[in-house]
Amino acid sequence: MKNIKKIINKKNKSKIVCLTAYSKNIAEEVDKHVDIILVGDSLGSVLYNYSTTRKVTLTEMIKHSKSVRLGVKKSLMVVDMPFNTYANKNSALKNAKKIIKETRCDAVKLEGGKKIINQIKLLIKNKIPVMGHLGLLPQSTKGKFKSKGNTTKEINQLIDDALLLQKNRVFAIVLECIKTPIAKKITKNLDIPTIGIGSSVHCDGQVLVTDDLIGLNHTNIKFVKKFVNVRKYINAGLRKFASDVRSNKYPTKKHSY
Ligand code: KIV
């Protein structure tokens, strides 16, 4: 709870940095730079080429989260509840408890507003911290990334959902692909932080998929900026290894028993 309060207190003071991790070694590096590490169900498309996050299982999320836990020292660790694990409030509670117990994460993230409010209420009543997710909801979307907040109906729904999540003590909300003025308005109207992804600089923080921003994952999504191309560095090392093996430069005596 101490870490959760720290995140909420950043609102209007300093930006919140959030990134995904799916395994220990990446988590160790991400942990040095962020406030929140998310084990996102985006791992389905990034690691397994699934066509949709709906195919990600609870077993997969728990397995990857256990590995991530080994690399996280200081950040708040949040785990996505995969599709179909919170279809009703009893399954939501059972599965959230399992995730918390087996992965020792700090919180879970669920996609949606009013439609899943009973599930969220029950988790919070049971002292399980919840991060919300509004706008583009990958678990409910088939196909292309499309922005949200284009019609009056959609805008009102987003604002109502955000206020409802806040009222029910969700500690932060991911806003995905929401039009700039709407993301700005939601952020201004809330006392809890918004974490944007494709939802403009006006959010209280930003989240990206780590594999996207370091150039490990091939993607051309509009909101992704490639900050570094790690494939270049990986290839330099691998090329040198292959060349040294082929020319008998490796292993030397130093590397041999
Ligand atoms: O699954 C995920 O990685 C996410 C973030 C991109 C917000 O939900």
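Read-outs: derived from the displayed coordinates by stated rules, not from any lab. Note that the structure is predicted; figures quoted are calculated from it, not measured. Every residue, glycine among them, receives a Cβ derived from its backbone with ideal geometry; neighbour counts consider all protein chains shown.
The local environment of S147, defined by Cβ-Cβ distances under 12 Å, has a net charge of +3 under the rule Lys, Arg +1 and Asp, Glu -1. Note on K74 and D244: their simple-model spin labels are 3.3 nm apart, each label 7 Å out from Cα toward Cβ. Computed on the chain, with alpha-carbon pairs under 8 angstrom and 6+ residues apart, the relative contact order is 16 percent. Taken about its Cα centre, region 1-95 carries a charge dipole of about 520 debye when Lys and Arg each add +1 at the Cβ and Asp and Glu each add -1 at the Cβ. Could you tell me how many degrees, from 0 to 90 and to the nearest 10, lie between the Cα long axis of helix 180-189 and the main elongation axis, the longest principal axis, of the Cα atoms of the chain? So the helix axis and the longest Cα principal axis differ by about 60 degrees. Residues of region 134-172 falling in the label zone of S51, defined by backbone nitrogen less than 17 Å from a point 7 Å along Cα to beta-carbon, are 138-145. Modelled spin labels at E102 and E29, positioned 7 Å past Cα toward Cβ, are 2.8 nm from each other. Pairs exceeding 23 Å between alpha-carbon atoms, taken from K146/K185; K114/K225; K109/K142: K114/K225.
Based on DSSP H segments of at least four residues, each scored -39500 (n - 2.57), the chain has a per-residue ellipticity at 222 nm of -12000 deg cm²/dmol. Can you tell me which of I197, I117, I186 moves the most in a GNM of the chain? Springs connect C-alpha atoms under 10 Å apart. Most flexible of the set in this elastic network: I117. If you take all other residues with their beta carbon under 14 Å from the beta carbon of S51, and give Lys and Arg +1 and Asp and Glu -1, the sum is +3. Taking a sphere under 14 Å around the Cβ of Y22 and counting the other residues whose Cβ falls inside, with K and R at +1 and D and E at -1, yields a net charge of -4.
Treating each Cα of the chain as an identical point scatterer and summing with the Debye formula, the log10 of I(q)/I(0) at q = 0.12, 0.15 Å⁻¹ comes to -0.69, -1.05. Here the 3J(HN,Hα) profile of region 24-33, calculated from phi with Karplus coefficients 6.51, -1.76 and 1.60 at θ = phi - 60°, is 4, 5, 5, 4, 4, 6, 4, 4, 6, 10 Hz, Gly and Pro shown as x. Counting pairs of Cα atoms in region 56-197, how many percent are more than 24 Å apart? Distances greater than 24 Å cover 30 percent of the Cα pairs.
Would you mind checking the pairs K6/K32; K6/K222; K94/K127; K5/K125; K73/K167 and listing those with alpha carbons more than 20 angstrom apart? Beyond 20 Å: K6/K222; K73/K167.
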